[in-house]
Amino acid sequence: MMGTHHALCGAAAWVALTSTAPGFPAISAAPIAPEYVVMGAVLCAGAALLPDLDHPSATIAHAIPGVGRAATGAISGLAGGHRRGTHSLLAAAGIVLLASLPFTLPALLAGACGAALLAFALRVLGLRGGWPAAWALGAAAALGIGALTPGLWALLGPIVLVGWITHLAGDILTRGGLPLLWPLRPRAPRALRRVPVLRALWLRSGNFALPILGRTGSRREWALLLPIGAYALIGICVNLPLIIGG
């Protein structure tokens, strides 16, 4: 799935899980204050890009000249390449564990992490001005959060978790699938590889897929993401008056 689409899915997932705006369709599994819904959605859009830290050519690899590509290159080496370790159930379990730990980051570190997630989201969603503008706006927004809604930083773990899982869900819907059992890469038995439907779900590479979107960037992917993006935007907009009214 394309980076912009990952970001939109992350924002939509956060809105669906947390919003309780009247008349707005949402799961509301973890309802929170509307200001946390709005800013959390943007942060989650950035968090939904994090599994691609294993790709030295991904958008976020260019966030800091030189440093970004070096960091993503190192992560790629540890993960075994793109769509390997960071896209596995093992990585997802690690994120679940981190998100469930009963601690909060120091305010300065939380603000820096938040600024990075905001910058990632703004850049991949098409902000003009390149990375300097994305970092400037991300830092300004993070300072605003720290001053007005510092409690949002306590939700950074869940935000990253929702974004991460949303990313994996998006990629498994494409033809390439994911190495869910990494570092193991079990190949489907030969008998299963002869069954047309099953060989599309359990690939020769050892990846697993539910390839309803076809290849990355396909028309089917665009057809799915247009309403998802609209849902995220509407969800943010219907929560804004609740912030002002509150």
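The values are calculated or read from the model by the stated rules, or taken from the named source; none is laboratory data. What you see is a predicted model, and the numbers here were worked out from it, not measured in a lab. In this analysis, Cβ positions are derived from the backbone assuming ideal geometry, glycine residues included, and neighbour counts consider all displayed protein chains. For the accessible areas, the whole protein counts, side chains as well, though only heavy atoms, and no ligand, DNA or RNA atoms are used. Shrake-Rupley method; radii C 1.70, N 1.55, O 1.52, S 1.80 Å.
Worth pointing out:
- Per-selection metrics, the range 124-202 (Cα): Rg and Dmax in Å: 20.5, 61
- From helices alone, the chain scores -19500 deg cm²/dmol at 222 nm; the rule is -39500 (n - 2.57) for each run of n ≥ 4 DSSP H residues, then divide by the residue total.
- Across all Cα atoms of the range 148-246, the radius of gyration (one decimal) and Dmax (whole number) stand at 19.0, 62 Å.
- Local electrostatic count at Trp135 - Lys and Arg +1, Asp and Glu -1, tallied over other residues with Cβ under 15 Å: +2
- Convex hull of the chain built on C-alpha atoms - directionally averaged projected area, nm²: 14.0 nm²
- Accessible area of Phe208 (1.4 Å probe, protein heavy atoms only, ligands and nucleic acids ignored): about 50 Å².
- Protection proxy ranking for 213-221, 78-86, using the average of other Cβ atoms within 10 Å per residue and placing the highest first: 78-86, 213-221.
- Peptides 131-144, 170-183 ordered by average Cβ neighbours within 10 Å, highest first: 170-183, 131-144
- Crossing angle, helix 130-148 versus the chain [Cα axis fit, 0-90 degrees, rounded to tens]: 50 degrees
- Inter-part distance, the range 187-246 to the range 88-122, computed on C-alpha centroids, equals 23 Å.
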